[in-house]
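Each remark here refers to the structure printed beneath this line.
The values are calculated or read from the model by the stated rules, or taken from the named source; none is laboratory data. Because the structure is a prediction, the values reported are computed rather than measured. Glycine gets a Cβ as well: all are built from the backbone with ideal geometry, and neighbour counts include every protein chain shown. Surface accessibility is based on the protein's heavy atoms, side chains included, excluding ligands, DNA and RNA. Shrake-Rupley method; radii C 1.70, N 1.55, O 1.52, S 1.80 Å.
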Amino acid sequence: MLIHTKLHRPQLRTDALRRQRLLDRLNSGLDRKLILISAQAGAGKTTLLAQWLADRPHPSAWLSLDEHDNELSVFVSYLCVALQGAMSNLCNQTLQSLRGPATPPPRFLLASLINELNERFSDHNGANDRDDEAGFILALDDYHAVDNPTIHQFVADLIAYLPPNLHLALASRSDPPLPLAMFRAKNELTELRTADLRFTPEEASVLLQTTAGCTLDERTIELLANKTEGWAVGLHLVA
């Protein structure tokens with residue numbers, strides 16, 4: 001039994017700061033297969049990813065992972081249902097194969113999923129709709145919860161064979177055991193890290209003013225930004 005609330009993109013706080021410099025970085029990387037946000041807990045990964053997808057006019061799917069998703073059949077089932085939530089009748093054959101008495105081999109599941117994605121997204125490419133050029137984004141939040149090597153290999157292969165109009169976005173507290181160096185070498189990876197997500201003094205000033213309703217002098221803002229090292233949760237606690 002799948003928990004369908006894991007497929008809901010988190011609701012943004014009304015006072016969530018719009019960090020345009022990071023949104024621009026993500027948008028500029030949409031010619032690549034993999035978008036990775038790898039940063040410490042409380043750095044604002046989930047908020048940034050949810051805000052980015054909410055801003056985009058194109059369809060997207062969301063899945064929040066946890067430690068219970070470390071069986072391949074469960075993981076792939078969640079992927080398929082997440083995709084179906086955004087595009088109906090997608091991955092029907094792959095889901096059907098998972099309902100049998102035994103889990104099919106990973107390579108069979110990969111081929112089935114890729115072929116179904118390719119069929120659907122090839123239709124989009126053939127329509128030559130410029131609004132769909134940047135493509136569909138499948139977002140996996142809390143990917144650090146996955147520790148099954150079979151799933152990591154499945155995800156690596158999935159990225160390698162993704163159709164051109166589909167992108168995978170991962171948010172994780174640590175670098176996932178995927179061939180990131182290879183993706184960098186092929187210019188198939190966009191990445192944001194803890195240093196990128198740190199709030200600048202200017203962003204810290206806006207956050208404190210918006211959240212706490214206080215206007216502080218420049219020296220105090222700079223001191224708070226330095227003391228918290230631009231850590232999003234730290235600044236919220238200060239506010």
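Quick look at the values:
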read-out: Candidates Leu79, Leu90, filtered to the one that is in contact with an Asp or Glu (Cβ under 9 Å, 6 or more places away or on another chain) and open to solvent by less than 10 Å² (accessible area, probe 1.4 Å); value: Leu90
read-out: Selected residue [within 15 Å of the chain's Cα centre (by Cα), assigned to a loop (DSSP other than H, G, I, E, B) and touching a residue at least 40 places away in the same chain (Cβ under 8 Å)] from Arg25, Arg32; value: Arg32
read-out: Only listed residue being surrounded by 16 or more Cβ atoms within 10 Å (Cβ to Cβ), under 20 Å from Ala39 (Cβ atoms) and in contact with a helix residue (DSSP H, G or I) (Cβ under 7 Å, 6 or more places away or on another chain), chosen from Ile221, Ile137; value: Ile137
read-out: Test: residue in region 54-75 that is in a helix (DSSP H, G or I) and modelled with pLDDT under 95; value: yes
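Conditions tested, residue by residue: (1) closer than 17 Å to Thr46 by Cβ; (2) in contact with a Leu (Cβ under 6 Å, 6 or more places away or on another chain); (3) free of Cβ contacts under 8 Å to residues at least 40 places away in the same chain; (4) part of a strand (DSSP E or B).
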position	(1), (2), (3), (4)
Ala156	no, yes, yes, no
Pro163	no, yes, no, no
Ala181	no, no, yes, no
Arg184	no, no, yes, no
Asn187	no, no, no, no
Leu208	no, no, yes, no
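For every residue, the table says whether it meets (1) under 16 Å from the mean Cα position of the chain (by Cα); (2) open to solvent by less than 30 Å² (accessible area, probe 1.4 Å); (3) closer than 27 Å to Thr94 by Cβ.
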position	(1), (2), (3)
His8	yes, no, yes
Ala16	no, no, no
Lys45	yes, yes, no
Val74	no, no, yes
